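Data block below; observations after.
The values are calculated or read from the model by the stated rules, or taken from the named source; none is laboratory data. A quick note: this is a predicted structure, and the numbers were derived from the prediction, not measured. All Cβ positions, glycine included, derive from the backbone under ideal geometry; neighbour counts span all protein chains shown.
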Amino acid sequence: MNIRKEFVLFFIAFLVDIIKGQYTPPLATVVPIHPKGIRISIPDEEGITLVAFHVKINEDFNGLEAGTIARDIVKARNGLWTYEDKQTQLHKSDIVYYWIHVVYKGLGYNLLDQQYVVNEFYNFDGTPVNVTPTDNPSCVLSDTRIKMETGELRQACSGELIFDEQFENIQTWRWHVNERFSGAPDYEFVVYTKDSDNVQLKNGILKIQPTLMQEKYNAQFVRHGHLVLENCTEVVGSEYCHRQARGSSILPPVLSGRLDTKMTFNFIYGRIEIRAKLPRGDWIYPLLTLDPLNPLNGELNPPQMRIAYSSGNQELRMVDGTDVGGRLLGAGGIDALGVGAKRWQYMAKKYSQHFWSNEYHTYELEWRQDRIIVKVDGTQYGNKVRQTSSPFDKPYYLTIGVAVGGYGEFADNSTSNGYRKPWRNIASKALFNFFTATNLWHETWKEDSTALEIDYIKIWAL
């Protein structure tokens, strides 16, 4: 081998070492699960194709051993590469030793000599394990109750933080990211997807944004296509998972995002605080709600609590001339959504000179046995006493997302920015008429303002 060839090979090897040296696997989060289990995760990064977790309890590694736990994860879910089980028994002061192997852009990298000391435990939904009066004599039991995996309700301590979401990542053990067609009671004009165009995290902010289906496919697909949701989160084969466009029964023209805690976190009574920037654009509206785990009156007419609601229409006038557009904020308990119901009559209202979608605000709902109190930026604007027959004494779960159109939110014959609402609620051609008016409403959708942006969500026991 001549000197020139040796130099080239040396230089290539040198470059590879430099390239490899530029990447460091992200640090892991370790979550001890009560009564048994462990969850270890790292955030997803573009270029990662495999993550291997190697774990030992109370015994350090001697080199690159496989460990008591050795598991390859080949797919990220909701922004995380996660190993979890419900078998590992951990105790306080245990030491979790671990190392992680990451395949990044075809090359392998190791995060070595990691350890975690167990000081606290978490329920599977991510909430801290309840502190009982025996553990903490200062604990005053609250009316707030949290539904456990066993179906039992545990009583929280007064003032206990029972839910804390900072959106550093989308945690699959907490959030159920919907992928489905919409359904009762509103039949919103959207398909909820997991696509990053519709649900994404950026700098600790969850961004949920509606987009046009024809931008992903084309207008002819909306009119004539057959859409099958491969990762559908409802019963496979049901109308929630596939649809064929025929005649005026077209596909929903909008894609959007929706998340909930239905399977992971349910509670009764508490104080909810959300810092968020609401979406803007005709016929867009935010979903920041508490929904019943088991509605007594069925899915067609369920109750709901709204933490914040404001139409994306800058101006939206009812037949009597009342403006219920983006300067009007509403929140509170709705006894029954119904189809085409006048939901504003249930909610507390607050007018502003500015659009609520202009900037971030802190929205708060306090759910008590006898009343529901709502606030924005610390100012109370609603305090509704509940009746003894009220439906708000059962477990509820969080829903967050962005919806468009549908049968329940917008009154017939209302006008937006000078044009009449292009569909009639529950009419057979409602979806079709909304789609054919795309040129009217879509021009109000500005890319930097149609998203619901959420900074954090916190829930405290009363």
Selection count where residues are part of a loop (DSSP other than H, G, I, E, B) and either farther than 30 Å from residue 201 by Cα or touching a residue at least 12 places away in the same chain (Cβ under 8 Å) (or both), scope the stretch 44-68: 14
Output for the stretch 266-284, where each listed residue is of a type outside the set (A, V, I, L, M), crowded, with 24+ Cβ neighbours inside 10 Å and either touching a strand residue (DSSP E or B) at 6+ places or on another chain (Cβ under 6 Å) or outside the structural domain of residue 212 (by TED's automatic domain parsing) (or both): 267, 270, 279, 282, 283
Selected residue (criterion: farthest from residue 398 (Cα to Cα)) from residues of the stretch 295-334 that are modelled with pLDDT of 95 or more and either among the β-branched types (Val, Ile, Thr) or not assigned by TED's automatic domain parsing to the domain that holds residue 283 (or both): 324
Matching residues in the stretch 235-258 - criterion: being touching a Leu at 6+ places or on another chain (Cβ under 8 Å), crowded, with 21+ Cβ neighbours inside 10 Å and over 16 Å from residue 214 (Cα atoms): 258
Boolean, residue 71 is part of a strand (DSSP E or B), touching a Ser or Thr at 6+ places or on another chain (Cβ under 8 Å) and either modelled with pLDDT under 90 or not assigned by TED's automatic domain parsing to the domain that holds residue 195 (or both): no
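Listed here are the residues, each with its yes/no results for (1) within 14 Å of residue 274 (Cβ to Cβ); (2) buried (at least 16 other Cβ atoms within 10 Å of the Cβ); (3) among the aromatic types (Phe, Trp, Tyr).
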site: 347; (1), (2), (3): no, yes, no
site: 350; (1), (2), (3): no, yes, no
site: 354; (1), (2), (3): no, no, no
site: 358; (1), (2), (3): no, no, no
site: 363; (1), (2), (3): yes, yes, yes
site: 373; (1), (2), (3): no, yes, no
site: 378; (1), (2), (3): yes, no, no
Pairs, first in a loop (DSSP other than H, G, I, E, B) in the stretch 320-331, second buried (at least 20 other Cβ atoms within 10 Å of the Cβ) and aliphatic (A, V, I, L, M), C-beta under 7 Å, six or more apart: 324/316; 325/316
Output for the stretch 198-227, where each listed residue is surrounded by fewer than 12 Cβ atoms within 10 Å (Cβ to Cβ), outside any loop (DSSP other than H, G, I, E, B) and within 23 Å of the chain's Cα centre (by Cα): 202
Failed item in (1) surrounded by 22 or more Cβ atoms within 10 Å (Cβ to Cβ); (2) farther than 30 Å from residue 174 by Cα; (3) touching a Ser or Thr at 6+ places or on another chain (Cβ under 6 Å), with residue 434 passing the rest: (3)
Failed condition for residue 377, given (1) among the charged types (D, E, K, R); (2) on the phi < 0 side of the Ramachandran plot; (3) free of Cβ contacts under 8 Å to residues at least 24 places away in the same chain: (2)
Candidates 119, 169, filtered to the one that is closer than 20 Å to residue 259 by Cα and part of a loop (DSSP other than H, G, I, E, B): 169
Residue list for the stretch 408-433, restricted to those being over 12 Å from residue 283 (Cβ atoms), of a type outside the set (A, V, I, L, M) and assigned to a loop (DSSP other than H, G, I, E, B): 408, 412, 413, 418, 424, 425, 428, 429
Residue in the stretch 132-166 that is farthest from the chain's Cα centre (by Cα), counting only those that are part of a loop (DSSP other than H, G, I, E, B) and at pLDDT 90 or above: 140
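The rows are residues; the columns are (1) of a type in the set (Phe, Trp, Tyr); (2) farther than 16 Å from residue 41 by Cβ.
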| residue | (1), (2) |
| --- | --- |
| 70 | no, yes |
| 81 | yes, no |
| 85 | no, no |
| 89 | no, yes |
| 106 | no, yes |
| 121 | yes, yes |
Residue count for the stretch 384-429, restricted to those that are surrounded by fewer than 14 Cβ atoms within 10 Å (Cβ to Cβ) and among the polar types (S, T, N, Q): 5
Residue list for the stretch 88-116, restricted to those being part of a loop (DSSP other than H, G, I, E, B) and touching a Lys or Arg at 6+ places or on another chain (Cβ under 6 Å): 89
